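Take a look at the structure below.
Read-outs: derived from the displayed coordinates by stated rules, not from any lab. Remember, predicted model here, so these are calculated numbers, not experimental data. Here the Cβ positions follow ideal geometry from the backbone for every residue, glycine too, while neighbour counts run over all protein chains shown.
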Amino acid sequence: MRLDESGSELHASRVGGSLILRLKETLFQSGKAGTRCLLDHPLVQEVAFGLRQELVEKGHLPSGAVAIQAIAFDKTPETNWKVTWHQDLMFPFARPVASEGFDLSCVKEGIAYARPPLEILEKLLAVRLHLDDCDETNGPLKISPGTHRLGIIDVAAIPEFISGHGQELCLADEGVALLMRPLLLHSSSRATAPKHRRVLHLVFAPGDPMTEEWHRRV
């Protein structure tokens with residue numbers, strides 16, 4: 001299975017065009033590059049429920065999986081940002097963490113964040129639903145295949161691993177979801193022909209009992 005081997009896989013979602021249009025109209029009104037903490041939004045919950053069912057059917061998620069995070073990203077001439085190579089390691093919790101193995105506790109926009117233990121990070125699945133076509137010109141995501149198997153990578157060692165594992169561009173049509181392990185090294189360049197590149201980024205967890213509580217469970 002490509003997701004296991006490379007850490008990413010494209011999935012032709014069943015999210016319909018009318019729902020995608022409503023997401024575009026409601027999630028991106030602030031003009032910011034990223035909008036966080038969207039799991040309370042009814043439209044986002046609808047998407048999360050549907051995608052979870054699809055991915056359970058495909059064997060990518062267990063039946064008890066829950067969405068723990070939702071972020072909306074756009075890339076326009078005004079928000080044409082570059083993201084350097086990194087892993088997604090910090091996730092939102094209901095309160096500041098105190099349990100062994102959870103570290104780097106901080107607060108962002110009034111929400112407690114921390115880095116979960118590796119055994120939890122390895123089970124998370126990010127689902128990036130493309131709300132626009134994404135081609136080579138509008139700053140697509142780049143991934144380094146297989147690097148999700150390397151654990152938590154020291155920042156200084158990232159260039160060496162990128163060199164050894166190579167890079168791939170993640171191009172996708174509207175409605176296609178990119179499945180990705182958060183531990184996978186990824187980045188994006190500035191767009192050369194800036195236009196909308198709207199993405200709804202969801203993170204799913206198995207739903208297993210933990211010593212700490214996720215900020216949201218949908």
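Observations on the model:
- Förster radius 25 Å - calculated FRET efficiency between D173 and R2, Cβ distance, rounded to 0.05: 0.90
- Sum of -39500 (n - 2.57) over DSSP H runs of 4+, divided by residues of the chain (222 nm, nearest 500): -5500 deg cm²/dmol
- Convex hull volume per residue for region 84-186, taking Cα atoms only, in Å³: 126 Å³
- Between the C-alpha center of region 187-203 and that of region 85-101 there is a gap of 24 Å.
- Simple spin-label estimate for S18 and D135 gives 3.0 nm between the two label positions (7 Å along the Cα-to-Cβ direction from each Cα).
- Rounded, prolate or oblate (a/c below 1.5 giving rounded, otherwise prolate when a/b exceeds b/c) for region 110-167 by Cα gyration tensor: oblate
- Translational diffusion coefficient of region 1-97 (Stokes-Einstein, Kirkwood radius from Cα pairs, 25 °C, 0.890 mPa s): 155 µm²/s.
- [x] 50; [y] 41; [z] 37, with the label sought being that of the calculated percent of Cα pairs over 25 Å apart: [z]
- Kirkwood-based shape ratio for region 26-146, expressed as Rg/Rh from alpha carbons: 0.96
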